[in-house]
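Right, one structure below, let's go through it.
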Amino acid sequence: MAKTPPPNDLLKHVWLPYTQMQTARQPLQAVSTQGSLIQLADGRELIDGIASWWTACHGYNHPHIQAAMAAQLEKMPHVMFGGLVHEPALKLAERLAAKTPGDLNHVFFVDSGSVAVEVAMKMAVQYWLNKGYSGRAKMVSFRYGYHGDTMACMSVCDPDESMHSLFRDYLPRQVLAELPDAESEAAFDALLEREKHNIAAVLIEPLVQGAGGMKVHAPETLRRVADACRRHGVLLIADEVFVGFGRAGTLFACEQAGVTPDILCLGKALTGGAVSLAATLARPHVYEAFLSDDATKALMHGPTFMANPLACAAANASLDLFETEPRLEQVAKIEAQLREGLAPCAKIPGVLDVRVKGAIGAVQCASLGDAAALREKFAEQGFWIRPFGDIVYLTPAFTIRQDQLAALTSSICSTLPGWLSRS
Ligand SMILES: Cc1ncc(COP(=O)(O)O)c(C=O)c1O
């Protein structure tokens, strides 16, 4: 069996995400995946509780997605989308328009979630310009929000998490708000009333704010935000890059609030986690604001690999699986199992909260200490669990076996008491 090389050899040329490279620990080397399992180069096998940053909703290497990609690989792995179109993208756009809430009929493909959000913000700003309003260029976003790591995306993330002070001279200034509950609804309304002439859109992660701490809010909160946007004539952008495709219990989280945003961002599980693809969808009134005899009113955006045929084939196959396999029922079962399996954590000293929504389960601790060391501890037990901040969470594949999920929740329940009493 091949041995993993020592850390310095392994990390000689790669620069890891969110990592202080000077003190970077020896990373685990993955060699293959199957279902909810990750095989490592040292021969170990980990049960995966994260689904590769929430993407692999059908488990890894689903044969239907692999077959679709293999067939597409033979025919045409890539062709540019500027001036050419292809069947996988046309079919996918039609299916997304049909499956997303309301009349989100116009699909702009991009290559990652961050770019989907960038495009959404660009669309919102240009929407107002095309309609003859100047000065409506700011976004309202929410505390604990996360929308990606590119510059404009960082400007709408939680200011502490995305280090706004460090990038002060570089980031556009936006408007930060608290998610409005029944008590703070009036304050949110007043904010929109005051700022509406400067605001292009309100940007929200519906129902669960993911990377900002797996914070769950009620559908009524989303409805309040949507209603306030309508009242004040501000566009609503829903970023479902994380919660879209069943993660929060319904195919799209907005469904639970009966809300159709003006613009919707999708990514991550769009291809079932096989390969990167994302999309920004717009309702007709947004799309129509770009129609003109004037060429400058067009949406001037076009990533090189947008609508990559291989990725579109994977996404179409992923949608097939949502149609033919009982994914949302599986999510409901996972939700029940996460509730039961993580409930004992609530009694552990140092645990502040246990939250479950759809196939997302999070244990909020007062302080986790070294999250990377805790990750190693889970890996030693045979689990891929990646705590961040003060959160230990699970976002498994919807196809995870009951015994695999039970092993993950038990590991969290049995590891946290010792860990928290030490840190
Ligand atoms: C809600 C949300 N929006 C946008 C992004 C950015 O997506 P990507 O990492 O594909 O650029 C993420 C990534 O975690 C996300 O959770």
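Mind giving me the nanometre distance, one decimal, between the label points for residue 170 and residue 352, set 7 Å out from Cα along Cα→Cβ?
The answer from the label model is 2.9 nm.
Quote the FRET efficiency, to the nearest 0.05, computed for residue 220 versus residue 187 with a Förster distance R0 of 22 Å and r equal to the Cβ-Cβ distance. Let's see the in-between values first.
Details: r = 16 Å, r/R0 = 0.73.
Between residue 220 and residue 187 the formula returns 0.85.
Extension gain residue 67-residue 9, at 0.36 nm per residue separation less the Cα-Cα distance, in nm?
Separation in residues times 0.36 nm, less the Cα-Cα distance, equals 17.3 nm.
If you take every residue apart from residue 307 with its C-beta less than 14 Å away from the C-beta of residue 307, what net charge results, scoring Lys and Arg +1 and Asp and Glu -1? List each step's numbers first, then the result.
Values: positive: 91, 95; negative: 87, 94, 111.
My count for the surroundings of residue 307 gives -1.
Quick one: if you stick a label point 7 Å off each Cα along the C-beta vector at residue 30 and residue 414, how many nm between them?
2.5
How large is the accessible surface of residue 287 in square angstrom, using a 1.4 angstrom probe and rounding to the nearest 10?
Here the residue's solvent-accessible area equals roughly 100 Å².
Would you pull out the residues with amide H under 5 Å of residue 273's amide H, same chain only if 5 or more places away, H placed 1.01 Å from N?
57
What's the carbon and sulfur percent of the range 181-330's accessible surface, probe 1.4 angstrom, rounded to a whole number? Don't jump to the answer; show the numbers that get you there.
Details: 2710 of 5190 Å².
Ligands and nucleic acids excluded, carbon and sulfur give 52 percent.
Excluding residue 99 itself, what net charge comes from residues whose Cβ is under 14 Å from its Cβ, given Lys and Arg +1 and Asp and Glu -1?
Values: positive: 91, 95, 327; negative: 94, 103, 240, 255, 320, 323.
Result for the local shell: -3.
Evaluated at 25 °C with a viscosity of 0.890 mPa s, what Stokes-Einstein diffusion coefficient in µm²/s does the range 281-405 have when Rh comes from the Kirkwood expression over alpha-carbon pairs?
On the way: Rh = 18.5 Å.
Result for D is 133 µm²/s.
Given the C-alpha atoms of the chain, compute the convex hull and give its volume per residue in Å³. Could the numbers behind the result be given before it?
Numbers: hull volume 66.2 nm³, N = 423.
Hull volume over Cα atoms, normalised by residue count, gives 156 Å³.
Evaluate the Kirkwood expression for the hydrodynamic radius of the range 267-336, namely the inverse of the mean inverse distance over all pairs of different C-alpha atoms, and round to one decimal in Å. Display every interim value, and only then the final one.
Numbers: mean 1/r = 0.0674 Å⁻¹.
Averaging 1/r across every pair of different Cα atoms and inverting gives 14.8 Å.
What is the ratio of the Cα radius of gyration of the range 203-329 to 2.2 N^0.38 Å, with N the residue count, to two decimals? Don't skip to the answer; put the middle values down first.
Numbers: Rg = 16.1 Å, N = 127, 2.2 N^0.38 = 13.9 Å.
It is 1.16.
Taking the Cβ-Cβ separation of residue 23 and residue 105 as r and a Förster radius of 45 Å, what is the calculated FRET efficiency to the nearest 0.05? Walk me through the numbers on the way to the answer.
Details: r = 49 Å, r/R0 = 1.10.
My answer for the efficiency is 0.35.
Highest mean first, what order results for 377-388, 31-42, 241-252 on Cβ atoms within 10 Å?
Details: 377-388: 18.5, 31-42: 16.1, 241-252: 25.8.
Those peptides, ordered most packed to least, come out 241-252, 377-388, 31-42.
If you wrap a convex hull around the alpha carbons of the range 73-134, what volume per residue comes out, as a whole number of Å³? Please report the intermediate quantities before stating the final value.
Values: hull volume 7.6 nm³, N = 62.
Taking only Cα atoms, the range 73-134 has a hull volume of 123 Å³ per residue.
Considering the options 177, 336, 126, tell which one lies farthest towards the positive end of the dipole of the chain, charges being +1 on Lys and Arg and -1 on Asp and Glu at the Cβ, about the Cα centre.
Of the listed residues, the answer is 177.
Can you give the net charge of the other residues whose Cβ lies under 12 Å from the Cβ of residue 33, counting K and R as +1 and D and E as -1?
Charge balance near residue 33 sits at -2.
To check you understand DSSP bridge types, tell me what percent of the beta bridges within the chain (both residues inside) are antiparallel, rounded to 5.
Details: 30 of 45 bridges.
Antiparallel: roughly 65 percent of the beta bridges in the chain.
Would you mind working out the accessible area per residue for the chain, using a 1.4 Å probe, and quoting it in Å²? Let's see the in-between values first.
Working: 18720 Å² over 423 residues.
Solvent-accessible surface per residue comes out at 44 Å².
For the chain, set up a Gaussian network in which alpha carbons nearer than 10 Å are linked by springs, and say which option among 145, 273, 258 fluctuates the most.
Most flexible of the set in this elastic network: 258.
With a Förster radius of 60 Å, plug the Cβ-Cβ distance of residue 196 and residue 44 into 1/(1 + (r/R0)^6) and report the FRET value to the nearest 0.05. Before the final figure, lay out the partial values.
Numbers: r = 55 Å, r/R0 = 0.92.
According to the calculation, E is roughly 0.60.
Mean separation of Cα pairs under 8 Å and 6+ residues apart, divided by the residue count of the chain: what relative contact order is that in percent? If you can, show how the numbers build up before the last one.
Values: 822 pairs, mean separation 90.0, N = 423.
Value for the chain: 21 percent.
Taking loop as defined by DSSP and a crowding limit of 13 other beta carbons within 10 Å, which chymotrypsin sites (Phe, Trp or Tyr not before Pro) in the range 113-217 fit? If you can, show how the numbers build up before the last one.
Details: sites: 127, 128, 133, 142, 144, 146, 167, 170, 188; in loops: 133, 144, 146, 167, 170.
Taking the range 113-217 and a limit of 13 other Cβ atoms within 10 Å, the loop chymotrypsin sites (Phe, Trp or Tyr not before Pro) found are 133, 167, 170.
Taking the Cα-to-Cβ direction at residue 401 and at residue 76 and moving 7 Å from each Cα, how far apart do the two end points lie in nm?
Each label point is offset 7 Å from its Cα along the Cβ direction, giving 4.1 nm.
With all protein chains present and a 1.4 Å probe, how do 217, 197, 301 order by accessible area, largest first? All intermediate terms of the calculation are to be shown ahead of the outcome.
On the way: 217 20, 197 125, 301 60 Å².
If we order 217, 197, 301 from most to least accessible, we get 197, 301, 217.
Would you list which lysines come within 25 Å of residue 196, measuring only between C-alpha atoms, while excluding same-chain residues fewer than 8 positions from it?
Straight-line reach from residue 196, under 25 Å: 122, 131, 138, 297.
The values are calculated or read from the model by the stated rules, or taken from the named source; none is laboratory data. Because the structure is a prediction, the values reported are computed rather than measured. Neighbour counts are summed over all protein chains in view; Cβ atoms, including those assigned to glycine, are modelled from backbone coordinates with ideal geometry. Heavy atoms of the whole protein, side chains included, go into the accessibility calculation; ligands, DNA and RNA do not. Shrake-Rupley method; radii C 1.70, N 1.55, O 1.52, S 1.80 Å.
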